[in-house]
Amino acid sequence: MEISFIGAGNLAWHLAPALENAGHHINEVYSRQLQHSRQLVSNLYDARTHSELNFADSPSRLFVLSVADHALEEVCSQLVLPENSILVHTSGGQSLRSLEHWMAIYSDVPVQTGVFYALQTFTKGQPFMAFEEIPLCIEASDPTTEDSLVQLGQDISDIVYLITSDERRTLHIGAVLACNFTNHLLALAHDLTTHEGLEFDLLRPLIAETFRKGLAAPNPADVQTGPARRGDLSTIDSHLAYLSNQPRVSEVYQVLTESIQRYYKNQGR
């Protein structure tokens, strides 16, 4: 398939090479910051940078809209695409209906729409990720487009699902809890230990074992440990006393402690 990327951020950095390695052709990369598109193009075979959102003469059939959620409508309002091309966004939180609505308003030619959501965390500049075990969540405006996107997904991943916008929103919330919030807690633990002159590396074996057990268990709740799970109020009070001069961390500690306690109380455990 002939493909162009609109956006050259974290996801595009990994997805574009994966598609090329599967035999597809990336024609163009657009980014508001030319340097970003140049960086991505330098990792592709013969793609070129595209300096505007007018793709009317593009040879591409698929256009991958990989920009921040808040910028999606603005970009769509300026996009000019070839007739009957396919436009997909890669967002976990935006619905297909929104993309359909924007193209109905802003496009002068018929355009098929879809969603090509990779359920993974990506970082630009890191070694290219293998997509074989990355779940791809597909949604499309019509059966023909759906078939095209499913085939494209299967070319790079062994895990391809047809997921509705509502289901994808649920997955995205789960991803925020499991990935973004968890990483923030690691950052708080890092700051707490290093502030006292302790090595964060001392926590790494514990973190690794926690994730191993949680992912191996049928339900991570089955392997929950710690003072909140045990109902160890003395330890909890001691921790909160120590955190009294760090109100933001203290608030996070209290909210999560209460959440754990309520969870097991409601479960009757």
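Checked against (1) buried (at least 22 other Cβ atoms within 10 Å of the Cβ); (2) outside any strand (DSSP E or B), Asn43 passes all but a single condition, namely (1).
Looking at segment 46-74, which of its residues are farther than 11 Å from Gly114 by Cα, in contact with a Phe, Trp or Tyr (Cβ under 9 Å, 6 or more places away or on another chain) and touching a residue at least 60 places away in the same chain (Cβ under 8 Å)? Before the answer, list the steps.
Filtering segment 46-74 down to residues farther than 11 Å from Gly114 by Cα leaves 46-61, 66-74.
Then keep just the ones that are in contact with a Phe, Trp or Tyr (Cβ under 9 Å, 6 or more places away or on another chain); that gives 47, 49-53, 55, 66, 72-73.
Across segment 46-74, the qualifying residue is only Ser66.
Every condition in (1) over 30 Å from Ser259 (Cβ atoms); (2) under 16 Å from the mean Cα position of the chain (by Cα); (3) among the acidic types (Asp, Glu) is met by Glu167 except one, and the failing one is (1). Filtering segment 163-173 to residues that are surrounded by 15 or more Cβ atoms within 10 Å (Cβ to Cβ) and within 30 Å of Tyr253 (Cα to Cα) leaves Arg168, Arg169, Leu171, His172.
Scanning segment 227-257 for residues that are in a helix (DSSP H, G or I) and either in contact (Cβ under 8 Å) with a residue 12 or more places away in the chain or in contact with a Lys or Arg (Cβ under 8 Å, 6 or more places away or on another chain) (or both) returns Pro227, Ala228, Arg229, Ile236, His239, Leu240, Val249, Val252, Tyr253, Gln254, Leu256, Thr257.
So which residues in segment 190-224 are open to solvent by less than 70 Å² (accessible area, probe 1.4 Å), assigned to a helix (DSSP H, G or I) and under 30 Å from Gly268 (Cα atoms), if there are any at all? Those that are open to solvent by less than 70 Å² (accessible area, probe 1.4 Å), assigned to a helix (DSSP H, G or I) and under 30 Å from Gly268 (Cα atoms): Ile207, Ala208, Lys213, Gly214, Ala221, Val223. The set of residues in segment 111-125 that are under 15 Å from the mean Cα position of the chain (by Cα) and either assigned to a loop (DSSP other than H, G, I, E, B) or of a type in the set (D, E, K, R) (or both) comprises Leu119, Gln120, Thr121, Phe122, Thr123, Lys124. Looking across segment 46-67, the residues that are open to solvent by 50 Å² or more (accessible area, probe 1.4 Å) and either part of a strand (DSSP E or B) or under 24 Å from Ser165 (Cβ atoms) (or both) come down to Arg48, Thr49, Asn54, Arg61.
Anything in segment 128-153 that is more than 17 Å from Phe63 (Cα to Cα) and either part of a helix (DSSP H, G or I) or open to solvent by 10 Å² or more (accessible area, probe 1.4 Å) (or both)? List them, or say none. Matches in segment 128-153: Phe128, Met129, Ala130, Glu132, Glu133, Pro135, Pro143.
Taking each residue of segment 187-209 that is under 17 Å from Leu243 (Cβ atoms) and hydrophobic (A, V, I, L, M, F, W, C) and looking for partners that are open to solvent by less than 70 Å² (accessible area, probe 1.4 Å) and not in a helix (DSSP H, G or I) with beta-carbon atoms closer than 9 Å, six or more apart or interchain, yields Leu192/Gln246. Across segment 100-108, not a single residue is classified as of a type in the set (D, E, K, R), modelled with pLDDT of 95 or more, touching a strand residue (DSSP E or B) at 6+ places or on another chain (Cβ under 8 Å) and open to solvent by less than 50 Å² (accessible area, probe 1.4 Å). Across segment 13-32, the qualifying residues are those that are at pLDDT 95 or above and farther than 19 Å from Gln151 by Cα, and the one among them that is surrounded by the most Cβ atoms within 10 Å (Cβ to Cβ) is Val29.
Here are Val160, Val176: which of them is open to solvent by less than 50 Å² (accessible area, probe 1.4 Å), among the aliphatic types (A, V, I, L, M) and closer than 24 Å to Asn84 by Cβ?
Result of the check over Val160, Val176: Val160.
So, Gln267, is that one open to solvent by 70 Å² or more (accessible area, probe 1.4 Å) and closer than 15 Å to Leu185 by Cα or not? No; evaluated as a whole, the condition is false for this residue.
The values are calculated or read from the model by the stated rules, or taken from the named source; none is laboratory data. No experiment lies behind these values; they were computed from the predicted model shown. Note that we place each Cβ from the backbone using ideal geometry, even for glycine, and neighbour counts take in every protein chain shown. In case anyone asks, the SASA skips ligands and DNA or RNA and just uses the protein heavy atoms, side chains included. Shrake-Rupley method; radii C 1.70, N 1.55, O 1.52, S 1.80 Å.
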